[in-house]
Amino acid sequence: MRLVLLVAFATRLACAQDTAASTTSLVDRAAGRYRAATTVRASFEQALTAPGFASQTSHGEYFQGSNSRFALRFTDPAGDAVVNDGTSLWLYLPSSAKGQVIKMKSGAGTKFDLLGELLSAPKADYATVRVRDETIDGHATAVYTLSPRKADLPFTRATLWIGRDDAIIWQLETVEPGGTERRVRFSSVQMDGAVPADAFAFVVPAGVKVIDQASLFGKKP
């Protein structure tokens with residue numbers, strides 16, 4: 001009887017280890033694929049809900065390049081853009097803040113570059129648990145919750161929908177410390193493909209005031 005129990009326990013333990021290894025393997029595959037990509041281009045739909053405000057839905061294109069460069073180019077609301085050119089982060093949102101663009105240090109863009117933040121070091125930064133399987137726009141995905149291991153991370157919780165066959169992030173959700181929730185669904189994802197030459201460049205439109213945060217705090221831009 002004792003031998004039977006030991007065998008059963010060993011079998012359950014082996015299955016649990018296999019499941020954990022499988023979970024880690026898929027998250028690692030996704031992180032490795034995005035880190036190794038020279039470029040990423042995708043269409044997105046974003047639903048943003050802040051405490052006390054109605055949910056807002058927007059659409060556009062996401063671009064990722066090397067050296068921390070990324071861009072969110074919105075088609076709805078048209079003209080809005082979040083661009084990290086590798087040196088500075090530009091927040092240009094004429095739909096809600098006309099006549100101005102905010103210039104920040106490149107490193108301030110972590111909560112805007114969701115893929116870059118969540119996939120840079122998922123094992124070290126987050127405790128990851130597979131919770132279910134789900135189909136997103138015809139893609140078979142595994143769903144993972146990510147809980148921060150460190151106090152200074154920009155999200156209190158995140159969820160990833162990772163393609164089981166292609167290790168592509170087809171959907172993600174984040175919750176910020178202030179309670180703002182964001183859901184982003186990706187489509188037409190292209191890895192290592194061509195992107196527009198000006199994808200990671202921001203040109204200040206005529207008549208738009210640049211609000212340089214570094215200058216506001218008495219630092220050189």
Query raised in the report: What is the number of the single condition among (1) open to solvent by 10 Å² or more (accessible area, probe 1.4 Å); (2) part of a loop (DSSP other than H, G, I, E, B) that ALA167 does not meet?
Result: (1)
Query raised in the report: Out of curiosity, is TYR92 modelled with pLDDT of 90 or more and more than 15 Å from GLY60 (Cβ to Cβ)?
Result: no
**Report entry** Candidate set from the stretch 69-95 (those that are in contact with an Asp or Glu (Cβ under 8 Å, 6 or more places away or on another chain) and not in a strand (DSSP E or B)); member that is surrounded by the fewest Cβ atoms within 10 Å (Cβ to Cβ)
**Finding:** SER95
Requested in this report: Determine whether the stretch 52-65 contains at least one residue that is among the aliphatic types (A, V, I, L, M), surrounded by fewer than 18 Cβ atoms within 10 Å (Cβ to Cβ) and assigned to a helix (DSSP H, G or I).
Outcome: no
Report task. Determine, yes or no, whether SER43 is open to solvent by 50 Å² or more (accessible area, probe 1.4 Å), touching a Ser or Thr at 6+ places or on another chain (Cβ under 6 Å) and over 13 Å from ASP113 (Cα atoms). Result -> no
Query raised in the report: For the stretch 188-200, which residues satisfy the criterion of being surrounded by 13 or more Cβ atoms within 10 Å (Cβ to Cβ) and farther than 14 Å from ALA167 by Cα?
Result: VAL195, ALA199, PHE200
Query - Members of the stretch 170-219 that are in a loop (DSSP other than H, G, I, E, B) and under 30 Å from PRO148 (Cα atoms) - result: GLU176, PRO177, GLY178, GLY179, THR180, ASP192, PHE200, PHE217
Report summary line: In the stretch 182-221, anything basic (Lys, Arg) and at pLDDT 95 or above is listed as ARG182, ARG183, ARG185, LYS209
Report summary line: Within the stretch 183-207, the residues that are out of contact with any Phe, Trp or Tyr (no Cβ under 9 Å at 6 or more places or on another chain) and basic (Lys, Arg) are ARG183
Query - All positions within the stretch 96-107 that are over 20 Å from PRO205 (Cβ atoms) and assigned to a strand (DSSP E or B) - result: LYS105
Query raised in the report: If you scan the stretch 32-51, which residues turn out to be in a strand (DSSP E or B) and under 15 Å from the mean Cα position of the chain (by Cα)?
Result: VAL40, ARG41, ALA42, SER43, PHE44, GLU45, GLN46, ALA47, LEU48
Query raised in the report: Do you know which of the residues in the stretch 108-135 that are over 15 Å from the mean Cα position of the chain (by Cα) and assigned to a helix (DSSP H, G or I) is farthest from GLY163 (Cα to Cα)?
Result: ALA124
Query raised in the report: Among the residues of the stretch 139-164, which ones are touching an Asp or Glu at 6+ places or on another chain (Cβ under 8 Å) and in a loop (DSSP other than H, G, I, E, B)?
Result: ARG149, LYS150, LEU153, PRO154, PHE155, THR156, ARG164
Report summary line: Considering the stretch 149-164, residues that are modelled with pLDDT of 90 or more, surrounded by 16 or more Cβ atoms within 10 Å (Cβ to Cβ) and of a type outside the set (Phe, Trp, Tyr), and then whichever is farthest from ALA121 (Cα to Cα), we arrive at GLY163
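The values are calculated or read from the model by the stated rules, or taken from the named source; none is laboratory data. What you see is a predicted model; the values in this text were computed from it and never measured. Positions of Cβ are generated from backbone atoms using ideal geometry, with glycine treated the same way; all protein chains shown enter the neighbour counts. Accessible surface areas use protein heavy atoms only, side chains included; no ligands, DNA or RNA. Shrake-Rupley method; radii C 1.70, N 1.55, O 1.52, S 1.80 Å.
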